């Protein structure tokens, strides 16, 4: 029987996520200060908070309207993170957004406060912004980073 994962210190996750602010947007990249997309931001935070990435990330589509039978991002996160309900998500949680109705969750952010989050957005790079009702209703999944 495996032991349940303990979650990483949320203050550390938030501090690391904020250290990426201002990183330019670059599709499928993950280098702080150089370029990243939303998943690249999450991967970079993982590397600093948890350690080496457990597996290579294959190329992926940028289509936020992509539909399909599998929640690929959620399934990947579920295999290595601690899933919580969207209602239980708190600062330090990785949240997956469903950007269009009936589409799979394809956008990632990290909560930095009860009403703020950090994410990488095309043309803007890594920014911190309010978790408005429009963003909040798009949260489809939430996960906590595990301890190292």
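So which of 50, 16, 95 is under 20 Å from residue 133 (Cβ atoms), at pLDDT 95 or above and surrounded by 15 or more Cβ atoms within 10 Å (Cβ to Cβ)?
Numbers: 50 fails: under 20 Å from residue 133 (Cβ atoms); 16 fails: under 20 Å from residue 133 (Cβ atoms).
Testing whether each residue is under 20 Å from residue 133 (Cβ atoms), at pLDDT 95 or above and surrounded by 15 or more Cβ atoms within 10 Å (Cβ to Cβ) leaves just 95.
Please specify each residue of segment 108-147 satisfying the condition of being buried (at least 22 other Cβ atoms within 10 Å of the Cβ) and under 13 Å from residue 38 (Cβ atoms).
Once the filter is applied, which keeps residues that are buried (at least 22 other Cβ atoms within 10 Å of the Cβ) and under 13 Å from residue 38 (Cβ atoms), segment 108-147 yields 108, 109, 110, 117, 118, 119, 120, 126.
What number goes with the only condition from (1) loosely packed, with under 12 Cβ neighbours inside 10 Å; (2) under 22 Å from residue 69 (Cβ atoms) that residue 103 does not pass?
Single failed check for residue 103: (1).
Right, residue 85: closer than 26 Å to residue 114 by Cβ, in contact with a strand residue (DSSP E or B) (Cβ under 9 Å, 6 or more places away or on another chain) and surrounded by fewer than 12 Cβ atoms within 10 Å (Cβ to Cβ) or not?
Considered against the rule, which asks whether it is closer than 26 Å to residue 114 by Cβ, in contact with a strand residue (DSSP E or B) (Cβ under 9 Å, 6 or more places away or on another chain) and surrounded by fewer than 12 Cβ atoms within 10 Å (Cβ to Cβ), residue 85 comes out as yes.
The values are calculated or read from the model by the stated rules, or taken from the named source; none is laboratory data. Note that the structure is predicted; figures quoted are calculated from it, not measured. In this analysis, Cβ positions are derived from the backbone assuming ideal geometry, glycine residues included, and neighbour counts consider all displayed protein chains.
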